[in-house]
Every structure is written in structure tokens, then in C-alpha cells.
Amino acid sequence: MTGISFKNHIQSRLDALVGLQLSIVRDALDMKMFHFGDIYLSPSGKGSVGTYALHVQCPWRIVSEGMILTGSFDRYEPPQENRELDEENNRSGTLQRARLFHILEGYDEAARSIVNSTNNFAVLSIKVDEFGGLDLSLSGGYNLQLFPSGASSEDWRFFKTGGAPHLVVEAGRAEEVE
């Protein structure tokens, strides 16, 4: 899939997010997981999930008012000057987690996840570029931006939780995976 059909395919799948709030943000090793929509118990019985999930392995950032609030590389920075990284602290052990907690304002201790306790971060619109990059415009003046940057590895995947096919973007290609 290339060109217009590539972008249109991604756009048509991601349009399901429009109107839904970013609800959960968590990590799985070096992958950032953004969940959208209502939060419920995972079908696996292990923790909570949103209606839709966006699993990101490429560079990403959240911006507002011309500033980068946080991004993928803040994971390797201490939360404050003169403090150490604490990978075990899912709320504020890195600059990335501390800033996500600051803007989303909530934390679920049982799920060890940052949760959105604000009225912001509803998806207003989505722009897709020719490489599978995304710009999700979010309420409250925020944008979540993804930047695929590899020639052969998975950049991100999107799916409805509970076993639906995954849309996988890898090296400028999109594929539906069961």
C-alpha cells in the first residue's frame, strides 16, 4: 500500500478515535502505549485498557502552545535536576513520566499506569503523512505526534482492544494483522 491509498487506509482506521479521550498511558519495555475511550478490565483479566490502543515504538512527542511538553527521549532523563532515574516509579521516575502525570493528573496504582483525570485530550482530528507519521489534535490545545524513523522495524500499531485485527505501520507500509 503506497501513496494516497496508504494514507487513506490509516486515516479510515484511526477515525474511530475522533471524539474519544486519551485515557491511559503506560510502558511495556521501550514501547509507549496510549489508550483511548472508556476504561475497562482487560479481556485477559490483567489490568485495565481503553477501548482502543495505540502502541508506539517510533519517536513521539506531546506538544502544546509551541512547546514540546514531553516525548520519547525524555524516558532517559531524570525527572528533575539532581535526581536519579527511577525506572520502577511509573508515576514520576523519569522526566517523561513526571510530565505525563503532570498534564494528565491521574495515576492508577493497581494498573501502574498514568490515567487522564482531566477534561482534555479528546481526539479532535488526525493527520497522516506519507510515511505513517501521525498528528493527533487533542482538546485543550495539545497534539500527540508520531514520527516513523526506521527502514525495517515496526513503528506503531493500532487496534480495538479485545482481539480485533491490528493495523501495523512498519517502514512506510501498513498491514492488517490478525
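Here are a few things to note about the model shown:
- With respect to the conditions (1) at pLDDT 95 or above; (2) in contact with a helix residue (DSSP H, G or I) (Cβ under 6 Å, 6 or more places away or on another chain), residue 31 falls short on a single one, namely (2).
- Test: residue in region 59-73 that is farther than 25 Å from residue 150 by Cα, surrounded by 14 or more Cβ atoms within 10 Å (Cβ to Cβ) and out of contact with any Asp or Glu (no Cβ under 6 Å at 6 or more places or on another chain): yes
- Of all residues in region 31-45 being assigned to a loop (DSSP other than H, G, I, E, B) and in contact (Cβ under 8 Å) with a residue 40 or more places away in the chain, the one that is nearest to the chain's Cα centre (by Cα): 42
- Filter pass, residue 14 being touching a residue at least 24 places away in the same chain (Cβ under 8 Å), outside any strand (DSSP E or B) and either in contact with a strand residue (DSSP E or B) (Cβ under 8 Å, 6 or more places away or on another chain) or surrounded by 21 or more Cβ atoms within 10 Å (Cβ to Cβ) (or both): yes
- Checking region 91-98 against the condition returns no match, with no residue being under 17 Å from residue 53 (Cα atoms), buried (at least 18 other Cβ atoms within 10 Å of the Cβ), out of contact with any Gly (no Cβ under 7 Å at 6 or more places or on another chain) and of a type outside the set (Val, Ile, Thr).
- Scanning region 91-108 for residues that are closer than 16 Å to residue 35 by Cα and outside any helix (DSSP H, G or I) turns up 105, 106, 107, 108.
- When 48, 44 are screened for being modelled with pLDDT under 95, crowded, with 16+ Cβ neighbours inside 10 Å and over 26 Å from residue 150 (Cβ atoms), only 48 passes.
The values are calculated or read from the model by the stated rules, or taken from the named source; none is laboratory data. It should be emphasised that the depicted structure is a prediction, and the values quoted were computed from it without experimental measurement. As a convention, Cβ positions derive from the backbone with ideal geometry for all residues, glycine included, and neighbour counts pool all protein chains shown.
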